[in-house]
1. Most exposed first by the Cβ proxy, i.e. fewest other Cβ within 10 Å, how do SER199, SER63, SER181 rank?
2. Roughly what would the spin-label model give for ALA151 and GLN48, points 7 Å off Cα along C-beta, in nm?
3. Would you please give the residues with an amide H less than 5 Å from that of HIS69, counting only those at least 5 places away or on a separate chain, with H modeled from the backbone geometry?
4. Could you run the Karplus curve 6.51 cos²θ - 1.76 cosθ + 1.60 with θ = phi - 60° over segment 235-242 and give me ³J(HN,Hα) per residue in whole Hz, x for Gly and Pro?
5. Restrict the search to segment 202-244; then list the trypsin sites (Lys or Arg not before Pro) that DSSP places in a loop and that have at most 10 other Cβ atoms within 10 Å of their Cβ.
6. Calculated FRET efficiency, GLU211 and ALA126, Cβ-Cβ r, R0 30 Å, to nearest 0.05?
7. Only Cα pairs under 8 Å and at least 6 apart count here; give the relative contact order of the chain as a rounded whole percent.
8. With a ≥ b ≥ c the root eigenvalues of the C-alpha gyration tensor of segment 69-253, is it rounded (a/c under 1.5), prolate (a/b larger than b/c) or oblate?
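The numbers here are math on the coordinates, done by the rules we state, and not lab data. The shown structure was predicted, so the numbers you read here are calculated from the model rather than taken from an experiment. All Cβ positions, glycine included, derive from the backbone under ideal geometry; neighbour counts span all protein chains shown.
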Amino acid sequence: MRLVDLSRPLENAVPADPPGLGPRIEYSDHKQSLPGMLAMFPGLEAGQLPAGEAWAVELLTISTHNGTHVDAPWHFASSMNEGERAWTIDEVPLDWFYRPGVKLDFRDLPDGHVVTAAEVAESVGATGRELNPLDVVLMNTRAGAAYGTPAYVDSGCGFGREATLWLLERGVRVMGTDAWSWDAPFSFTRRRFLESRDSSIIWEGHKASLEIGYCHIEKLANLEQLPASGFLVSCFPFKIKSASAGFTRAVAIL
């Protein structure tokens, strides 16, 4: 068995989100936390502790959409499945998140391209394997190679309503991308909207959940290390009450 880590670490000073939307991690080492431990145990002296140390601890200020995370239907809209209340991340079925995986390679497509259903079908055909209901489908885009650079947020192709529904109609309920967003980068969508004034193109892949509720994973890593199929994906989301997303330590099991 071989494990491939598909997750990005949470860290400071890495441009993995738009300016102002990144996480903030405050680190306290074993010496910095010592006053707190001594205050907790009156009469305790530092010399009585091994190496005179307390504990290491971190304080996080984050969004549920920082790092590798699973978006719940509630993130996309208040309803799903043609009118049902959308599920939050603590309500999605756990059996969606430990399933056979399929990797599709779209690294040849330019940044900002909106992938069509025909392009997804062609890529699935190239794997030599048919999709099964509840397969986890992972999209390898150009964005993966740009992670950690200022270009990342605007990198990679996106998956529009047509492509997303094509997958959902075949029973897929969890899909993922190594890009910042499942949809095309906002910078490209903004430009298209200013030209066309067509509001239906805004977040169109996410909004497919209005018709068929689903989850997707964003900011995946190391997809280029995976074969097209023949692996399991474990990507259980962190259980945050009534939240729109949950962090995941996504792993491929070969």
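1. Listed from fewest to most nearby Cβ atoms, that is SER199, SER63, SER181.
2. That separation, rounded to one decimal, is 5.8 nm.
3. GLU218, THR248
4. Values, residue by residue: 8, 4, x, 4, 8, 10, 4, 6 Hz.
5. In loop regions of segment 202-244 (DSSP not H, G, I, E or B), the sparsely surrounded trypsin sites (Lys or Arg not before Pro) are LYS241.
6. 0.65
7. 30 percent
8. In terms of gyration-tensor shape, rounded.
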